[in-house]
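Worksheet: one structure, shown below.
The values are calculated or read from the model by the stated rules, or taken from the named source; none is laboratory data. Everything numeric in this text was worked out from a predicted model, so none of it was measured. FYI the Cβ positions are ideal-geometry reconstructions off the backbone, even for glycines, and counts take in every protein chain you see.
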């Protein structure tokens with residue numbers, strides 16, 4: 001990938017940007033996703049995500065993303081016949097819970113500890 005990256009598109013959600021990335025990479029174009037802020041990556045629906053590619057691939061990448069994806073009837077039926085929808089939904093909920101436990105909960109604990117330590121330090125100075 002060349003040194004110079006250019007933004008070819010913005011997407012409002014991480015999932016949409018990931019789909020674009022997969023489409024481009026399937027066509028042999030490497031790309032980078034850049035979130036406007038950390039919440040975009042954590043929650044997937046806040047802010048905007050930039051889709052960046054090498055400058056020499058920009059025109060072709062725009063053409064690929066402008067082309068609608070055609071899905072055959074067989075592919076639609078294969079998706080509808082999935083028996084694992086409930087299990088997949090549960091695994092998504094589990095992943096969200098794990099993300100919360102790994103990131104949000106420790107951050108909240110650190111915030112509370114810092115708050116308590118600052119109050120204790122203030123009380124000791126008096």
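With respect to the conditions (1) surrounded by 10 or more Cβ atoms within 10 Å (Cβ to Cβ); (2) closer than 21 Å to residue 12 by Cα; (3) at pLDDT below 90, residue 69 falls short on a single one, namely (1). Sub-7 Å Cβ pairs linking a first residue in segment 56-69 that is farther than 13 Å from residue 21 by Cα and outside the structural domain of residue 25 (by TED's automatic domain parsing) to a second residue that is in a helix (DSSP H, G or I) and at pLDDT 95 or above, at least 6 apart or interchain, number zero.
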